[in-house]
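A.B. asks: Mind looking over this structure? Questions follow.
The values are calculated or read from the model by the stated rules, or taken from the named source; none is laboratory data. Computed from a predicted structure; not experimentally measured. As a convention, Cβ positions derive from the backbone with ideal geometry for all residues, glycine included, and neighbour counts pool all protein chains shown. Quick note on the areas: whole protein, heavy atoms, side chains included, nothing else; ligands and nucleic acids left out. Shrake-Rupley method; radii C 1.70, N 1.55, O 1.52, S 1.80 Å.
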Amino acid sequence: MKLKRAFLFSLVLVTAVLLGAVVLEHQAKKTTLYAQERTEVTRSAEYIDRSLERDLESLKQTVSVAATNPDLTRHGSDAQHRALVTLLNRSTFAGASVVAADGTVTSAVSDTSPETRREPIGADFSDREYIQRALAGETYVSDPVRTDSESDIVTVSTPIHRDGRVVGTLNAAFRLDDDLLVSFADTLDGGQQLTVYSRDGEVIHASDDASPQDVGHNTTILQTGWTVSVTQSRAAVESPIRAVTAFQIGSLLVVLGALSGLGLWVSRRNNEQFDRLLAGFRALESGRYGIEITLDDAAEWQQIEDGFNRLSRTIDASRAERRARERAIERERDRFEALFEGVPEPVVSVELTGDGAILRDVNQAFEQTFGYDAETALGRDVNALIVPDDEELAVSAAAIDDEAADGEQVTREVKREARDGIRDFLFRSAPINAADDASRQFGVYIDITDRNEYENRLREQRDNLDLLNQVVRHDIRNDLQLVTAYADFLADGYDDEPEASIERTYVETIRESAAHAVELTETARSLADVMLAEADDQRPMSLQHAIEAEVDKIDAETGDAVVTADRPIPAVSVTANDLLGSVFRNLLSNAVQHNDKDISEVRLSTSLVGDGDAVRVRVADNGPGIPDTRKDDIFGKGEKGLESNGTGLGLYLVRTLVDLYEGDVWVEDGNPRGAVFVVELPVAD
């Protein structure tokens, strides 16, 4: 019923709107037509005004030109008469006359009968206005004069001059009705009327009677003072408007009738479809999911039918899916409970509240580790149970709870009170539902007490070994310094004894062995520093300073070698530690020691790689070179050349340090001989 009332209300509203539109259109059309008619009437009146002005001006010029004929000055002569006849024959005038300066008619012609043609001759016209105006020197058009034959005659008068004096007037008359105004009336649009008034307001010409309600426009002819009035009957304007309005109202009634019938038919059909649709929804409410309905074949109802049937099937499938999901959740809950209880580390489920981290669940490992059964622990603050009585530990525990409440996953080493005393734990927490609420948390306590104790023992052993290394290296270097000093003393003593060559050889062997032992202690110290070094010890180090210091040192220590470095060295930094110089010292020492020439030549060069992201250092010598079979193994621990008397640890130390600096090292063949060791290190940001 509500739908029917809505339809009827809509129909009434549409009817009112359409009727209002028709009325407004009627008024607009009426206003438009009146405006158009006013425009047309104005245009017609102005056209007739301009045409009359033009025609009257033409007549005045014709008369003025004719007045220049000398024959017209000869009053009463045949020549004067012939001049008038010529004017009449060559123009549209109905008659012409000459009036002397004293007002007497001296000659006259007209298109009337011969008996009356000479009748005005000798008459006195001095009292007539057009004669007076012409004698005063003006070309003048008179007001119309009604004759006995009901014709309106207009006279055009102009002065006749002789020797500069006005000796008379030439007067030409024309019939207004026949010759001029009737032709203008014929040019008017249908329904328009023409009325011409004289200066005195008398009607000169009227094509029809005009009503006061007619649409009209008046203009004034400047030459004569006549008023031209063109009017249009209002009835002629309103008649087509009424016809159009009647047609529109009739069409509107037909359309409304058709709409009403169609609306009732559509309403009845729609009600049937609504009943079927409501029946389908009632079936869904009763739990009959998957039911389908059949509606009308119209496209809109088919869309509704398809939508309802899809909804029904979707609800049915969703219900089945929900049941399957519930069963899966139950299985997951069972597995989670089994996992929760089966984890060997203590696991807790807490709720972060204003009263602390309240325990909601604990596993069996928690009970065994901390000595609280679930019945005692649940509902209590976990920090109050297992955090030792220490203010600093209590503050740390509260900070962990705050981080967890912000949704962060927390990993922290903590100390907690276990069944057998205070132990170290690696604590990890994560929100149960990180997307919505971080107040519910899981926490796992991994006992790392034994690991920490083991690490402490290793740290203590490393410190002891470091101390032992320093003491032994210090004592060995002191003893070697004594050996070297005594060897130098003996060598100086044998220099003056040519026959003591064997002794000098022994002394030189002692000196070389001592130097080798010193090198061994240096390498051992560097290796120990590498093994004890921390990654945090690395920082940007100047490559230029490290290279120049080692080149100068090697060049000073070796008298039978020439060590040079190509400059400038790039002013870049690499990420390294204090052992960066050991890389280049061992490469330079290796190039000198393993050289078979009397004078060892070692050359170091540097260059940037690519876009400057890395720097490459090349150490080239003039020695025997390295076979291809040994190039991959030469950096191994304890690897030595066949003729080497070194430790075999120098290149191993180079490889170890370069790897620590995330660089690379390799060996190439020299040109034309020798070996080239290449170190590539990334440039520090």
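A.B. asks: Tally time: how many residues in the stretch 48-61 are open to solvent by 50 Å² or more (accessible area, probe 1.4 Å) and not acidic (Asp, Glu)?
C.D. replies: 4
A.B. asks: Working only within the stretch 62-74, note down all residues that are open to solvent by 80 Å² or more (accessible area, probe 1.4 Å) and assigned to a helix (DSSP H, G or I).
C.D. replies: Val65, Pro70, listed by residue number.
A.B. asks: Now a separate question. Take the stretch 373-395 and flag every residue that is part of a loop (DSSP other than H, G, I, E, B) and either closer than 14 Å to Ile422 by Cα or in contact with a helix residue (DSSP H, G or I) (Cβ under 6 Å, 6 or more places away or on another chain) (or both).
C.D. replies: Residues satisfying the conditions are Asp373, Val387, Pro388, Asp389, Asp390.
A.B. asks: Further question on the same structure: Without any contact (Cβ under 8 Å) to a residue 24 or more places away in the chain, in a helix (DSSP H, G or I) and farther than 30 Å from Ala398 by Cβ: does that describe Arg310?
C.D. replies: yes
A.B. asks: Another one. Mind counting the residues in the stretch 53-96 that are within 23 Å of Ser142 (Cα to Cα), among the aliphatic types (A, V, I, L, M) and out of contact with any strand residue (DSSP E or B) (no Cβ under 7 Å at 6 or more places or on another chain)?
C.D. replies: Adding up the residues that qualify gives 2.
For (1) outside any helix (DSSP H, G or I); (2) under 18 Å from Ala397 (Cα atoms); (3) out of contact with any Asp or Glu (no Cβ under 6 Å at 6 or more places or on another chain); (4) at pLDDT 90 or above, each residue gets a yes or a no:
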site: Glu332; (1), (2), (3), (4): no, no, yes, no
site: Arg335; (1), (2), (3), (4): no, no, yes, no
site: Leu339; (1), (2), (3), (4): no, no, yes, no
site: Pro344; (1), (2), (3), (4): yes, no, yes, no
site: Ile358; (1), (2), (3), (4): yes, yes, no, yes
site: Gln368; (1), (2), (3), (4): no, no, yes, no
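A.B. asks: Of everything in the stretch 174-191, what is open to solvent by 20 Å² or more (accessible area, probe 1.4 Å) and modelled with pLDDT of 75 or more? Give them in sequence order.
C.D. replies: Passing the criteria: only Arg175.
A.B. asks: Within the stretch 132-150, identify whether any single residue is open to solvent by less than 30 Å² (accessible area, probe 1.4 Å) and assigned to a strand (DSSP E or B), and answer yes or no.
C.D. replies: Yes, that holds for at least one residue.
A.B. asks: Now, a different point. Report every pair of residues separated by at least 6 positions or lying on different chains whose Cβ atoms are under 6 Å apart, first residue within the stretch 266-285 and open to solvent by less than 80 Å² (accessible area, probe 1.4 Å), second among the aromatic types (Phe, Trp, Tyr) and in a helix (DSSP H, G or I).
C.D. replies: Here the result reads Ser267/Phe7; Gln273/Trp301; Gly280/Phe308, each pair linking the stretch 266-285 to a residue that is among the aromatic types (Phe, Trp, Tyr) and in a helix (DSSP H, G or I).
A.B. asks: Which one is most open to solvent (accessible area, probe 1.4 Å), of the residues in the stretch 207-229 that are modelled with pLDDT of 75 or more and touching a Phe, Trp or Tyr at 6+ places or on another chain (Cβ under 9 Å)?
C.D. replies: Checking each candidate, the answer is Asn218.
A.B. asks: Please find, among Ala108, Ala35, Ala79, Ala45, the residue that is part of a helix (DSSP H, G or I), of a type in the set (Gly, Ala, Ser) and crowded, with 18+ Cβ neighbours inside 10 Å.
C.D. replies: Just one listed residue meets the conditions, Ala45.
A.B. asks: Kindly indicate whether Ser605 is in contact (Cβ under 8 Å) with a residue 24 or more places away in the chain and either open to solvent by less than 20 Å² (accessible area, probe 1.4 Å) or in a strand (DSSP E or B) (or both).
C.D. replies: Criteria met by Ser605.
A.B. asks: Does Thr116 meet the test of being part of a loop (DSSP other than H, G, I, E, B), at pLDDT below 85 and open to solvent by 40 Å² or more (accessible area, probe 1.4 Å)?
C.D. replies: no
A.B. asks: For a quick check of your reading of the model, give me the residue pairs whose first member lies in the stretch 576-597 and is assigned to a loop (DSSP other than H, G, I, E, B), whose second is of a type outside the set (Val, Ile, Thr) and open to solvent by less than 10 Å² (accessible area, probe 1.4 Å), with beta-carbon atoms closer than 7 Å and at least 6 apart or on different chains.
C.D. replies: Leu579/Ser526; Leu579/Leu657; His594/Gly623; Asn595/Gly623; Asp596/Gly623; Lys597/Gly623
A.B. asks: Within the group Val563, Val551, which residue is modelled with pLDDT of 75 or more, part of a helix (DSSP H, G or I), buried (at least 17 other Cβ atoms within 10 Å of the Cβ) and over 58 Å from the mean Cα position of the chain (by Cα)?
C.D. replies: Of Val563, Val551, the one residue that is modelled with pLDDT of 75 or more, part of a helix (DSSP H, G or I), buried (at least 17 other Cβ atoms within 10 Å of the Cβ) and over 58 Å from the mean Cα position of the chain (by Cα) is Val551.
A.B. asks: Please determine whether any residue of the stretch 298-314 is surrounded by 17 or more Cβ atoms within 10 Å (Cβ to Cβ), modelled with pLDDT of 75 or more, farther than 30 Å from Thr195 by Cβ and polar (S, T, N, Q).
C.D. replies: So far as the stretch 298-314 goes, yes, one or more of its residues are surrounded by 17 or more Cβ atoms within 10 Å (Cβ to Cβ), modelled with pLDDT of 75 or more, farther than 30 Å from Thr195 by Cβ and polar (S, T, N, Q).
A.B. asks: Continuing with this model, one more query. Look through the stretch 608-626, keep the residues that are over 23 Å from Val562 (Cβ atoms) and open to solvent by less than 70 Å² (accessible area, probe 1.4 Å), and return whichever of them is farthest from the chain's Cα centre (by Cα).
C.D. replies: Among residues in the stretch 608-626 that are over 23 Å from Val562 (Cβ atoms) and open to solvent by less than 70 Å² (accessible area, probe 1.4 Å), the one farthest from the chain's Cα centre (by Cα) is Val615.
A.B. asks: A further question on this structure: In the stretch 410-429, how many residues are within 14 Å of Val350 (Cα to Cα) and open to solvent by 30 Å² or more (accessible area, probe 1.4 Å)?
C.D. replies: Looking only at that region, the number is 1.
A.B. asks: Looking at Val23, Val17, which one is open to solvent by 70 Å² or more (accessible area, probe 1.4 Å), under 30 Å from Gly261 (Cβ atoms) and at pLDDT 70 or above?
C.D. replies: Matching residue, one of Val23, Val17: Val17.
A.B. asks: Which condition number does Gly407 fail, the rest of (1) on the phi > 0 side of the Ramachandran plot; (2) more than 48 Å from the chain's Cα centre (by Cα) being met?
C.D. replies: Every condition holds for Gly407 apart from (2).
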